[in-house]
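Only one structure is covered here, and it is reproduced in the block below.
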Amino acid sequence: MTTTRSSATRAGARKGRPGLLRRLLRHPLGGVSMVVLAVVVLVGALGPFIAPFDPTETSLQTIFAEPGGDHLLGGDSAGRDILSRLLVATAFSLAGGLLVMAIAVAVGVSAGLVAGYYGGVIDATGAWFTALTMSLPSIIVLIAARSVMGPSMWWTMAIFGLFISPVYYRVVYTSVRAVRNELYVDAARTSGLGDVRIIGRHVLLAVRAPVILLMAGVIAAGIGMQAGFDFLGLGDPTTPTWGQMLNEGFYNINRSSNLVLWPALALGITTVALTLLGTALRDELEGTTDKRHSAAQPWVLEEDVPAVMDHGDEPAGEALLTVRDLAVAYPAGTGYATVVKGGRLSVRRGETHGLIGESGSGKTQTAFSILGLLPKGGKVMAGSIVFDGEELVGRTDAQLNALRGSRIAYVPQEPMSNLDPSFTVGHQLTEPLVKVLGMKKAEARERALSLLARVGIPEPQRAFDSYPHQLSGGMAQRVLIAGAVASHPDLLIADEPTTALDVTVQAEVLDLLRDIQEELGMAVLIVTHNFGVVADICDRVTVMQKGVMVETGATRAVFESPRHEYTRALFAAIPQGAPRAPLPGVSSAGSLGAGALR
Amino acid sequence: MLSFVSRRLATGVGLIATLAVLTFFFLQFGVSDVAQRIAGQQAGPDAVAVVEERIGVDRPVQVQFADWAGSALTGDLGRSWFSGQEVTEAVMSRMAVTVSLAVGSVVLTALLGITLGALAATRRGWSDRGVQFLAVLGQAIPGFLMAMALVLVFAINLDWFPATGYTRPSESVPGWLLSITLPVVALTIGSIGGVAQQVRGSMIDAFERDYVRTLRSRGLPRRSVVLQHVLRNAAGPALTVLGLQFVILLGGAVIVETLFSIPGLGPLALTSTSQGDIPVVMGIVIVTGVVVVLVNTLVDVVQAWVNPKVRLS
């Protein structure tokens with residue numbers, strides 16, 4: 001029953017994911033290990049039938065016989081034929097590993113399914129049993145079990161399978177818990193499908209991959225454990241295994257090194273192949289292949305980028321930051337996906353500039369390019385970013401570091417995930433002050449406290465000593481603003497600084513940004529999808545669509561006479577009569593429909 | 001924090017109690033002829049009955065268990081049926097040897113595993129592949145096979161270390177170090193990989209976290225962000241793996257001790273189970289359980305210290 005189940009699971013998986021076998025064979029590790037394992041399995045399957053001698057038959061004439069003649073690999077300390085023993089041991093060792101896997105899958109998967117699906121007593125028992133197996137090394141249990149069950153290899157392996165079944169239990173349990181609350185399972189239940197059919201059809205599908213994934217490792221563990229157990233001399237002499245042969249060889253090492261060699265090779269090659277197969281399986285099933293991306297095609301900008309529609313209808317100020325024809329691309333498939341494709345963006349000294357567009361329009365990628373902090377894989381392919389007369393594209397990370405945090409600062413979108421959960425707010429605020437700006441510890445502390453007070457945190461000392469998870473989202477965003485402006489930067493890049501906050505808090509944070517901007521006279525580049533934010537605090541605005549900056553100009557000019565059809569479409573999408581600012585007396589954030597484009 | 005630790009310990013006590021009950025009753029299936037073996041094969045029924053009465057197996061099982069549990073609570077685990085030695089003393093002195101092997105390898109594993117994992121995560125490329133290859137190899141080769149190879153090469157061929165035997169630290173510290181080097185190395189090789197892989201994975205995860213970008217945006221050099229923030233946040237999962245490794249190493253020590261003839265728990269476990277010496281087997285199971293529970297609690301405490309969310313809730 002147990003073996004049918006596991007082979008059925010495997011067969012089902014092959015059918016469900018056509019090509020897994022082929023992909024495995026093509027995987028550099030997977031192919032080699034599968035060939036090796038196929039040979040080992042073949043030897044195991046045929047071994048007992050082609051063994052030239054009885055593997056347990058002793059003979060005085062062939063004690064430590066030299067290899068050659070009738071006894072191809074020689075004889076051992078009792079004169080048994082080494083080749084025959086090796087062939088038969090392969091069969092027993094593999095069978096032991098498979099038994100471990102079968103029991104672990106049968107027990108772990110079924111218990112995990114039931115516990116995950118129904119919960120209750122079985123759930124509690126499962127957790128308890130898992131904890132129990134983790135509190136004792138399995139070899140101690142197996143040795144103790146042997147005193148009851150005798151030296152039977154089958155019993156030992158069955159108990160070991162039971163003992164490591166929690167490996168499966170936990171994986172299946174977690175997946176089932178996750179799937180159980182999925183909508184499609186709910187739908188199946190309301191449409192009257194029985195539990196058994198739901199488990200069979202939907203839940204089993206979800207746990208298939210992790211179950212297959214663990215198989216190779218569990219078999220390897222079983223074979224290794226059995227070898228170790230038999231190496232201790234605890235095995236049943238009537239079922240020769242690699243472990244027994246190793247024991248025999250090791251203690252006769254002075255008489256003949258020949259005895260250790262073959263079983264050690266067999267055991268080592270098999271477990272290494274199984275482990276490599278497990279790694280290959282993980283790569284293919286989870287797509288974690290760590291191959292270096294080698295783009296077959298070089299990057300090219302595929303489309304023509306239209307010139308930006310510049311309103312240009314006001315006295316030009318001194319540009320602090322100019323982004324020209326910027327192209328940012330990520331490796332994808334055999335080529336690249338280009339997320340920012342060009343246009344022009346110019347931020348003047350001391351102004352607040354809005355960069356607006358839908359999500360996916362490339363505005364955040366533009367912001368990260370300016371900071372030189374694109375996510376993994378992202379690269380500036382073309383264009384220029386000039387900050388205060390200096391070209392930033394092509395600079396090394398260390399050179400950019402000299403600007404970051406001192407002259408260019410950054411306020412992120414999601415406040416909670418942008419504070420390190422393991423350090424206090426105070427530590428995160430003072431660390432850059434000390435390391436980057438070279439302040440003394442006490443001085444940095446004073447500065448951080450006054451900054452916290454400045455950004456409107458009621459009890460600065462308490463916030464200073466807090467960990468991020470003890471703060472509200474609004475407070476955390478204030479902390480991040482405090483950290484960003486600590487160095488009196490020339491340019492502050494704020495990436496959707498209010499999107500993750502409650503509506504009431506949004507208005508307060510915008511007010512704060514505006515106040516600080518006026519106080520420090522810095523330029524602010526504010527990335528947003530909200531025209532309310534732009535109307536509220538921006539002097540000028542640039543509209544971005546599908547990676548291209550399409551229109552730019554004074555906020556008033558763009559609002560009064562949008563030229564690009566996309567800008568007009570954006571305005572048309574703002575619902576008429578949308579709720580205005582929620583609180584009287586609070587700034588007009590959201591007056592054009594906060595989040596209308598969300 | 002205090003209630004956190006006491007809660008963990010209470011769970012541990014529950015576990016050990018379950019362990020004791022299960023093991024005791026399970027072992028009853030194997031005791032049918034123990035008295036005969038103690039008395040000797042030639043002994044008649046009368047002599048066997050005397051032995052049965054002496055070791056107390058003539059009483060009902062539940063009475064035997066109550067008796068055992070009662071004295072176990074006072075720290076007395078009874079006497080060996082075969083040698084008459086005090087179980088508490090025998091198990092504790094051997095446990096000390098086994099634990100010193102396991103602790104030695106955990107420390108070595110932590111140092112090397114974290115260093116290699118961090119190296120692989122930050123450098124990537126070839127050093128990454130090298131570490132992953134070592135990790136797979138270490139995981140794949142059974143510990144005792146590794147130990148055998150080490151003995152054959154370093155003890156028998158090169159004669160740098162003693163092949164077998166154990167020198168107590170009280171006799172000679174250098175001798176002790178020499179005698180545990182190969183066993184500890186053998187145990188460590190197998191466990192470095194898992195820890196290195198874990199550290200590598202969680203560091204690569206941590207690199208992509210938002211707060212790392214924000215810290216970098218403040219002008220902090222990559223190196224200092226890695227050393228302080230990334231490593232600190234990767235420490236939690238690494239600790240969990242180290243805790244699990246300790247249990248595995250304890251098990252590995254049993255085999256490795258037998259191979260090196262080190263008088264730890266392993267050889268005792270072998271003789272006592274093959275004889276059916278229930279008091280000793282029970283003692284080994286219980287003391288091992290206690291050690292594991294203590295280590296797990298310690299891991300949880302350190303975990304809480306590393307992760308303020310756990311500590312402060």
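The values are calculated or read from the model by the stated rules, or taken from the named source; none is laboratory data. Note that this is a predicted model, so its numbers are computed, not measured. Every residue, glycine as well, gets a Cβ built from its backbone with ideal geometry; the counts of neighbours run over all protein chains shown.
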| Could we say that B:T288 is at the interface with chain A (Cβ under 10 Å from one of its Cβ atoms), hydroxyl-bearing (S, T, Y) and without any contact (Cβ under 8 Å) to a residue 24 or more places away in the chain here? | no
| task | Name every residue in the range A:116-175 that is more than 8 Å from chain B (Cβ to nearest Cβ), touching a Ser or Thr at 6+ places or on another chain (Cβ under 6 Å) and either of a type in the set (A, V, I, L, M) or outside any helix (DSSP H, G or I) (or both), in order of residue number. | result | A:L142, A:M153
| request: Hey, can you tell me all the residues within the range B:64-109 that are among the charged types (D, E, K, R) and free of Cβ contacts under 8 Å to residues at least 24 places away in the same chain? | output: B:D67, B:D76, B:E86, B:E89
| Only one of these conditions is not met by B:L244: (1) within 7 Å of chain A (Cβ to nearest Cβ); (2) surrounded by fewer than 24 Cβ atoms within 10 Å (Cβ to Cβ). Which number is it? | (1)
| query | Looking at the range B:195-215, is at least one residue touching a strand residue (DSSP E or B) at 6+ places or on another chain (Cβ under 8 Å) and assigned to a loop (DSSP other than H, G, I, E, B)? | reply | no
| query | Is it the case that some residue within the range A:330-340 is closer than 26 Å to A:S561 by Cα, modelled with pLDDT of 85 or more and away from chain B (no Cβ under 13 Å)? | reply | yes
| Test: residue in the range B:5-16 that is without any contact (Cβ under 8 Å) to a residue 12 or more places away in the chain, within 14 Å of chain A (Cβ to nearest Cβ) and among the small types (G, A, S) | yes
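Touching a residue at least 60 places away in the same chain (Cβ under 8 Å), within 14 Å of another protein chain (Cβ to nearest Cβ), β-branched (V, I, T) and in a helix (DSSP H, G or I): is that true of B:V184 in this structure? Write out each step before concluding.
Values: touching a residue at least 60 places away in the same chain (Cβ under 8 Å): yes; within 14 Å of another protein chain (Cβ to nearest Cβ): no; β-branched (V, I, T): yes; in a helix (DSSP H, G or I): yes.
For B:V184, the condition - touching a residue at least 60 places away in the same chain (Cβ under 8 Å), within 14 Å of another protein chain (Cβ to nearest Cβ), β-branched (V, I, T) and in a helix (DSSP H, G or I) - is not met.
Report, by residue number, each residue of the range A:176-187 that is in a helix (DSSP H, G or I) and surrounded by fewer than 22 Cβ atoms within 10 Å (Cβ to Cβ).
We begin by selecting, within the range A:176-187, every residue in a helix (DSSP H, G or I); these are A:176-180, A:183-187.
Within the range A:176-187, A:R177, A:A178, A:V179, A:R180, A:L183, A:Y184, A:V185, A:D186, A:A187 qualify.
In the range B:119-166, which residues are over 28 Å from A:A264 (Cβ atoms) and either among the hydrophobic types (A, V, I, L, M, F, W, C) or more than 9 Å from every other protein chain (Cβ to nearest Cβ) (or both)? Steps first, please.
Applying the first criterion (over 28 Å from A:A264 (Cβ atoms)) to the range B:119-166 yields B:119-128.
B:L119, B:A120, B:A121, B:T122, B:R123, B:W126, B:S127, listed by residue number.
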| query | Taking the range A:224-279, which residues are more than 9 Å from chain B (Cβ to nearest Cβ), under 23 Å from A:S138 (Cβ atoms) and either free of Cβ contacts under 8 Å to residues at least 60 places away in the same chain or among the acidic types (D, E) (or both)? | reply | A:D230, A:D236, A:N247
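Answer yes if at least one residue in the range A:190-197 is over 30 Å from B:A269 (Cβ atoms), free of Cβ contacts under 8 Å to residues at least 60 places away in the same chain, part of a helix (DSSP H, G or I) and aliphatic (A, V, I, L, M), and no otherwise. It would help to see each step written out before you state the result.
Our first condition is that a residue be over 30 Å from B:A269 (Cβ atoms); within the range A:190-197, this holds for A:190-197.
Still in the running and free of Cβ contacts under 8 Å to residues at least 60 places away in the same chain: A:190-194, A:196-197.
Now restrict to residues that are part of a helix (DSSP H, G or I): A:190, A:196-197.
Cutting the leftovers down to aliphatic (A, V, I, L, M) gives us A:196.
Looking for residues that are over 30 Å from B:A269 (Cβ atoms), free of Cβ contacts under 8 Å to residues at least 60 places away in the same chain, part of a helix (DSSP H, G or I) and aliphatic (A, V, I, L, M), one finds at least one in the range A:190-197, hence yes.
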| note | A:A65: passes all of (1) in a loop (DSSP other than H, G, I, E, B); (2) modelled with pLDDT of 80 or more; (3) among the hydrophobic types (A, V, I, L, M, F, W, C) but (2)
| request: Could you tell me whether any residue of the range B:258-265 is in a helix (DSSP H, G or I), within 10 Å of another protein chain (Cβ to nearest Cβ) and without any contact (Cβ under 8 Å) to a residue 24 or more places away in the chain? | output: yes
| field | Residues of the range B:72-92 classified as out of contact with any Asp or Glu (no Cβ under 7 Å at 6 or more places or on another chain), surrounded by 13 or more Cβ atoms within 10 Å (Cβ to Cβ) and either among the β-branched types (V, I, T) or over 25 Å from B:S274 (Cβ atoms) (or both), total | value | 2
| Does B:L231 fit the bill of being part of a helix (DSSP H, G or I), closer than 30 Å to A:F231 by Cβ, of a type outside the set (S, T, Y) and within 11 Å of chain A (Cβ to nearest Cβ)? | no
| How about the range A:114-132: which of its residues are among the hydrophobic types (A, V, I, L, M, F, W, C), under 27 Å from the mean Cα position of the chain (by Cα) and surrounded by fewer than 21 Cβ atoms within 10 Å (Cβ to Cβ)? | A:A127, A:A131
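May I ask you to verify whether B:V225 is farther than 25 Å from B:G138 by Cβ, assigned to a helix (DSSP H, G or I) and within 10 Å of chain A (Cβ to nearest Cβ)?
Details: farther than 25 Å from B:G138 by Cβ: yes; assigned to a helix (DSSP H, G or I): yes; within 10 Å of chain A (Cβ to nearest Cβ): yes.
Yes: the conditions hold for B:V225.
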| query | Does any residue of the range A:180-196 turn out to be modelled with pLDDT of 75 or more and touching a Ser or Thr at 6+ places or on another chain (Cβ under 6 Å)? | reply | no
| task | Please find, among B:G201, B:G193, the residue that is under 30 Å from A:S135 (Cα atoms), within 14 Å of another protein chain (Cβ to nearest Cβ) and surrounded by fewer than 23 Cβ atoms within 10 Å (Cβ to Cβ). | result | B:G201
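Here are B:F26, B:F4, B:F65: which of them is touching a Phe, Trp or Tyr at 6+ places or on another chain (Cβ under 7 Å) and part of a helix (DSSP H, G or I)? Don't jump to the end; show me each part of the working.
Values: B:F26 fails: touching a Phe, Trp or Tyr at 6+ places or on another chain (Cβ under 7 Å); B:F4 fails: touching a Phe, Trp or Tyr at 6+ places or on another chain (Cβ under 7 Å).
Residue meeting the stated conditions: B:F65.
Can you report the number of residues in the range A:487-540 which are charged (D, E, K, R) and assigned to a helix (DSSP H, G or I)?
The first filter runs over the range A:487-540 and keeps only residues charged (D, E, K, R), leaving A:490, A:495-496, A:502, A:508, A:511, A:514-515, A:518-519, A:536, A:539-540.
Remaining after also requiring assigned to a helix (DSSP H, G or I): A:508, A:511, A:514-515, A:518-519, A:536.
Matching residues across the range A:487-540 total 7.
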| remark: Condition set polar (S, T, N, Q) and in contact (Cβ under 8 Å) with a residue 60 or more places away in the chain, scope the range B:291-313, selection nearest to B:V5 (Cα to Cα): answer is B:T297
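Residue by residue, here is whether (1) modelled with pLDDT under 80; (2) crowded, with 16+ Cβ neighbours inside 10 Å; (3) in a helix (DSSP H, G or I) holds:
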residue	(1), (2), (3)
A:R5	yes, no, yes
A:T9	yes, yes, yes
A:G12	yes, no, yes
A:K15	yes, no, yes
A:L25	yes, no, yes
A:G30	yes, yes, yes
A:M34	no, yes, yes
A:G44	no, yes, yes
A:G47	yes, yes, yes
| Does B:G130 satisfy the condition of being more than 26 Å from A:I139 (Cα to Cα) and out of contact with any strand residue (DSSP E or B) (no Cβ under 8 Å at 6 or more places or on another chain)? | yes
| Taking the condition buried (at least 21 other Cβ atoms within 10 Å of the Cβ) and assigned to a loop (DSSP other than H, G, I, E, B), does A:I481 pass? | no
| request: Mind listing whichever residues of the range B:268-279 are touching a residue at least 12 places away in the same chain (Cβ under 8 Å) and not in a loop (DSSP other than H, G, I, E, B)? | output: B:L268, B:A269, B:L270, B:S272, B:Q275, B:I278, B:P279
